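Okay, so here's the structure we're looking at.
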Amino acid sequence: VIPNGIQLEQWITHDLEEITLPGNPVLTTVGRVSSRKGQLQVIKHLPELLKAYPDLHYHCVGIPTEADAFLEKAKLLGVAAHITFHGSVTDFVLKQILNQTDIFVMLSAEDTSGDIEGFGIAILEANALGIPAIGSKGCGIEDAIVNGDTGLLIAHDDGVAFVGAVQAILKDREGYGVRAKVWAAEHDWSKIVERYVEVMESF
């Protein structure tokens, strides 16, 4: 199996104006706000996580398809003040947000139609900026994260594991970030194309 690639050059920032995001630490998910992308799973885990990190903030970037419903759930859990739905943003703004992110999160889950997450391109794009990731097992995200190296893989509904994963990455945030960049570089399309050529020439 040869994974998809990324345009690495597009994710190398040059003189990017910094913005200030609320949260310490900052968690971010990029993708349509939907059951499959897993934002609701993160929201459900926030009450426990906030016990350890009371200033934490969760940023959701992407088309806000189910944002209203997820916000209502957040209000019931008492965590709405720790969540921001940014909606769709430009690539420039996305890079600004990611540059202020401590951990990229994608706890994707199978939706009611049986649809599951494919390969995690958004994870690799975050990795290119030195952002490690926490992702869910049992879907294509497993191929986008080197567990224990560029991030951590957990069951999407395991709140204890999620808190533990956040703590583990923050303890070695710099190391995870460096390894994430190396991993992303291995998925530049120039490298992926070489793998396709190698397979085709083998016939």
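The values are calculated or read from the model by the stated rules, or taken from the named source; none is laboratory data. Since we're looking at a predicted model, the values are computed, not measured. All Cβ positions, even for glycine, are placed from backbone atoms using ideal geometry, and neighbour counts span all protein chains on display. Side chains included, ligands, DNA and RNA excluded: accessible areas come from the protein's heavy atoms. Shrake-Rupley method; radii C 1.70, N 1.55, O 1.52, S 1.80 Å.
Among the residues of the stretch 1-49, write down those that are of a type in the set (Asp, Glu) and either buried (at least 20 other Cβ atoms within 10 Å of the Cβ) or farther than 16 Å from residue 74 by Cα (or both).
Of all residues in the stretch 1-49, those of a type in the set (Asp, Glu) come to 9, 15, 17-18, 48.
Passing the criteria: 9, 15, 17, 18.
Mind telling me which of the residues 94, 170, 124, 107 ends up being in contact (Cβ under 8 Å) with a residue 24 or more places away in the chain and either at positive phi or touching a Ser or Thr at 6+ places or on another chain (Cβ under 7 Å) (or both)?
Working: 94 fails: either at positive phi or touching a Ser or Thr at 6+ places or on another chain (Cβ under 7 Å) (or both); 170 fails: either at positive phi or touching a Ser or Thr at 6+ places or on another chain (Cβ under 7 Å) (or both); 124 fails: either at positive phi or touching a Ser or Thr at 6+ places or on another chain (Cβ under 7 Å) (or both).
One residue alone meets the criteria, 107.
Under 23 Å from residue 131 (Cα atoms) and part of a strand (DSSP E or B), is that true of residue 59?
Details: under 23 Å from residue 131 (Cα atoms): yes; part of a strand (DSSP E or B): yes.
Against the criterion (under 23 Å from residue 131 (Cα atoms) and part of a strand (DSSP E or B)), residue 59 qualifies.
Report yes if some residue within the stretch 169-178 is surrounded by fewer than 16 Cβ atoms within 10 Å (Cβ to Cβ), acidic (Asp, Glu) and over 25 Å from residue 49 (Cβ atoms); otherwise report no.
No, the stretch 169-178 has no match at all.
Go over the candidates 58, 53 one by one and state the one that is hydroxyl-bearing (Ser, Thr, Tyr), out of contact with any Asp or Glu (no Cβ under 8 Å at 6 or more places or on another chain) and free of Cβ contacts under 8 Å to residues at least 60 places away in the same chain.
Just one listed residue meets the conditions, 58.
Hey, can you tell me all the residues within the stretch 50-93 that are closer than 16 Å to residue 22 by Cα and open to solvent by less than 20 Å² (accessible area, probe 1.4 Å)?
Filtering the stretch 50-93 for residues closer than 16 Å to residue 22 by Cα gives 50, 53-61, 79-86, 93.
Hits for the stretch 50-93 are 56, 57, 58, 59, 60, 61, 79, 83.
For residue 141, state whether it is in a loop (DSSP other than H, G, I, E, B) and closer than 15 Å to residue 187 by Cα. If you could, list the steps in order and put the result at the bottom.
Numbers: in a loop (DSSP other than H, G, I, E, B): no; closer than 15 Å to residue 187 by Cα: yes.
Judged against the criteria, residue 141 is not a match.
Looking at 105, 166, can you tell me which residue is assigned to a strand (DSSP E or B), in contact with a Phe, Trp or Tyr (Cβ under 9 Å, 6 or more places away or on another chain) and surrounded by 15 or more Cβ atoms within 10 Å (Cβ to Cβ)?
On the way: 166 fails: assigned to a strand (DSSP E or B).
It is 105.
In contact with a Pro (Cβ under 8 Å, 6 or more places away or on another chain) and open to solvent by 60 Å² or more (accessible area, probe 1.4 Å) - does that describe any residue in the stretch 135-143?
Residues of the stretch 135-143 in contact with a Pro (Cβ under 8 Å, 6 or more places away or on another chain): 143.
When the remaining residues are screened for being open to solvent by 60 Å² or more (accessible area, probe 1.4 Å), the result is 143.
Yes, the stretch 135-143 contains at least one residue that is in contact with a Pro (Cβ under 8 Å, 6 or more places away or on another chain) and open to solvent by 60 Å² or more (accessible area, probe 1.4 Å).
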